[in-house]
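Heads up: the structure comes next, in structure tokens.
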Amino acid sequence: MNMKKINLFYIFATSVLALSSCDDFLDKMPDNRATIDTEDKVTKILVNAYATHNSNMMLEMASDNARDNGSTYEFENETQQEAYLWEPVSGTDNDATKSLWDACYGAAAAANQALVAIEAMGNPANLQAQRGEALLCRAWAHFQLANVFCLAYNPETADKDMGLPYADAPETEVNPHYERGTMAELYKHISDDIDEGLPLINDKIYTAPKYHFNKKAAYSFGARFNLYYQKWDKVIEYANVALGSNPSTLMRDWNHIVNELASDYLTRCNAYISASENANFLLQTAVSSSGYILGAWNIGNRYGHEQPNIARMETYRAPGIWGEWNTRGDLFMSHSNWGPTQTLNISKYYGYFEYTDKVNGIGYRQTNYVQLCADETLLCRAEAYAVKGDLTNALKDMNLWLATNSRNGMQATQELVDARYGLYDAEKGTGMMYMDDGKGGPIAASDVLGTPKKHLHPLGFTIGEEGSSQENMIQFILHMRRCQMMQEGGRWCDIKRWGIEIAHNREGMPDDLLLKDDPRRAFQLPSDVIDAGMPANPRN
């Protein structure tokens with residue numbers, strides 16, 4: 001791995017803390033590192049422990065939330081097209097795999113320097129909250145990388161599946177050697193950092209807590225990670241802490257967004273990402289074009305969340321627990337949409353341009369995001385309950401979610417879940433067809449055969465047979481998770497975790513199928529990382 005890039009980021013991140021001029025700093029610090037020896041300096045360096053790039057656009061393109069709209073439309077950059085085609089990403093733009101790799105390992109490097117400084121100061125009590133934040137940041141950075149560059153965690157194969165190097169100390173060598181390790185090792189490292197860091201988190205150290213791992217955000221992360229780790233009891237335990245005793249007070253107020261705010265995209269996006277919104281736990285400002293490509297712009301329309309085939313058949317405008325779309329109980333989010341037919345989107349994230357030289361028009365695109373929120377944490381807990389077979393509590397959580405996401409606050413019963421998501425019965429007019437080719441195989445987005453329901457092939461655990469109440473409940477939850485995480489890349493992770501098979505249409509070519517054991521479910525490493533000696537992800 002070309003860890004030299006990480007070191008360069010590290011130098012930049014820490015040198016701003018020097019108390020003298022740049023020249024004096026270089027004279028006094030031969031290794032180009034600032035001395036971090038006070039509480040204030042430790043706190044400041046942790047600002048750099050949050051990656052400034054994310055994978056949202058790539059993962060949306062790779063998932064079944066996008067289709068090829070044809071060469072009449074243009075794609076924005078190579079990354080967008082290569083992600084859709086499940087090809088190695090060759091670009092170096094701000095949404096490319098290279099940018100994500102460097103940003104996440106850079107964030108981990110900043111966290112490691114904070115941890116080393118705290119240890120050097122004797123691990124004092126007044127720095128325990130910063131220590132907790134650093135551990136959570138290090139875990140978060142590696143978790144983001146794993147979601148892109150690794151297969152989903154499977155307890156039956158985790159000791160063989162390729163992981164990633166866990167950067168748990170600052171570099172001290174010029175050309176260090178790193179092993180990829182296994183998924184079992186990678187997830188163990190992440191889990192250990194989360195469990196050690198959680199009890200240390202203290203919101204009092206933050207001036208802008210929603211941009212740091214405050215307590216709710218930290219436990220929300222713990223819940224999501226353990227959902228991917230298949231530690232169902234820990235999902236519930238950590239979600240309970242994040243959501244508290246009255247989760248209804250933390251659900252997003254969609255009624256306010258849709259019925260009380262002006263029908264203005266920017267206004268509604270600002271409301272969605274607001275730090276004053278109780279539902280928002282962790283916010284991020286990313287150097288990214290995803291707010292443009294996935295937003296209300298005619299940009300990158302070649303590939304996207306298209307209305308007739310995907311939005312209307314599979315996601316938030318598809319038939320669901322409420323019945324047909326545009327009935328009173330359907331989702332608020334399905335009535336706050338912008339953009340052209342080829343890239344329909346929810347008013348969540350907009351792109352804006354940050355000028356570094358306004359006179360010459362130089363700068364970069366940015367997007368503000370919600371990375372962790374109460375609504376998704378509740379769905380994590382519901383899924384954990386459902387997998388454990390506790391459908392009663394799963395339904396309670398789903399009804400909490402529906403209370404603020406459904407336009408009339410509808411409440412479901414198990415009987416209704418079975419009637420909507422169970423096996424299709426043409427005579428009774430109940431159930432839902434699986435979206436497949438009639439033989440169980442995946443098909444591309446279709447305005448005739450599309451449905452929100454796809455065959456599940458869970459990795460390393462089992463659930464009830466197709467058409468069972470348990471499977472129906474999980475289908476319901478996965479549909480709502482898909483809607484909840486639109487434009488955020490979360491659907492790709494659910495596709496991987498549940499072994500969901502999908503297909504992408506390609507103009508002038510046969511559809512490309514992504515089966516449950518397809519190695520392309522792990523994005524290829526950046527080419528310069530492979531060139532530096534890191535083993536590539538297999539492609540056969």
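Read-outs: derived from the displayed coordinates by stated rules, not from any lab. If you're wondering where the values come from, they're calculated on a predicted model, not measured in any experiment. Cβ sites come from the backbone with ideal geometry, for glycine too, and all protein chains shown count toward neighbours.
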For the chain, what is one quarter of the convex hull surface built on the Cα atoms, given in nm²?
-> 25.3 nm²
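By average Cβ neighbour count within 10 Å, what is the ranking of 76-88, 358-370 from highest down?
76-88, 358-370
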Total charge dipole magnitude, region 475-524, about the Cα centre, Cβ charges on Lys, Arg, Asp, Glu only, Debye to nearest 20 = 240 debye
Filtered trypsin sites (Lys or Arg not before Pro), region 98-187: DSSP coil and at most 16 other beta carbons within 10 Å | Lys160
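Could you sort the peptides 407-415, 445-453 by per-residue average Cβ neighbour count (10 Å cutoff), highest mean leading?
445-453, 407-415
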Loop only per DSSP, at most 11 neighbouring Cβ atoms within 10 Å: give me the GluC sites (Glu not before Pro) in region 275-330, ordered by residue number.
-> Glu324
3J(HN,Hα) from dihedral phi, region 439-446, Karplus parametrisation 6.51/-1.76/1.60, rounded to Hz, x for glycine, proline | 10, x, x, x, 10, 6, 3, 9
Where does region 358-462 land on Rg(C-alpha)/(2.2 N^0.38 Å)?
-> 1.51
Roughly how compact is region 229-324, stated as its Cα Rg over 2.2 N^0.38 Å to two decimals?
-> 1.37
Cβ-based charge dipole, the chain, positive-most Cα from Asn48, Met534, Phe281 | Phe281
Check: the chain dipole with +1 on Lys, Arg Cβ and -1 on Asp, Glu Cβ, in debye | 880 debye
Mean shadow of region 61-133, computed from the convex hull of its alpha carbons, in nm²?
-> 6.9 nm²
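Looking at this model, which pairs from Lys160/Lys454; Lys41/Lys215; Lys396/Lys496; Lys216/Lys516; Lys188/Lys439 are more than 32 angstrom apart at the alpha-carbon? Present the calculation step by step, with values, prior to reporting the outcome.
Working: Lys160/Lys454 28 Å; Lys41/Lys215 22 Å; Lys396/Lys496 26 Å; Lys216/Lys516 34 Å; Lys188/Lys439 38 Å.
Lys216/Lys516; Lys188/Lys439, as the Cα separations exceed 32 Å there.
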For the peptides 497-506, 263-272, what is the packing order when you average, over each peptide's residues, the other Cβ atoms within 10 Å and list the highest mean first?
-> 497-506, 263-272
Using the Kyte-Doolittle scale, find the helices of the chain whose mean hydropathy is at least -0.5 and whose Cα atoms extend 18 Å or more along the helix's long axis, counting only whole DSSP H runs.
-> 97-120, 128-149, 215-228, 374-388, 391-405
Send over the per residue convex hull volume for region 278-347, Cα only, as a whole number of Å³.
-> 109 Å³
Projecting the Cα atoms of Gly467, His142, His335 onto the charge dipole of the chain, where Lys and Arg contribute +1 and Asp and Glu -1 at Cβ, the residue farthest towards the positive end is His335
Using 1/(1 + (r/R0)^6) with R0 = 41 angstrom and r between the beta carbons of Val241 and Thr430, what's the FRET efficiency to the nearest 0.05?
-> 0.60
222 nm [θ] for the chain, helices only, -39500 (n - 2.57) per DSSP H run of 4+, per residue, to 500?
-> -11500 deg cm²/dmol
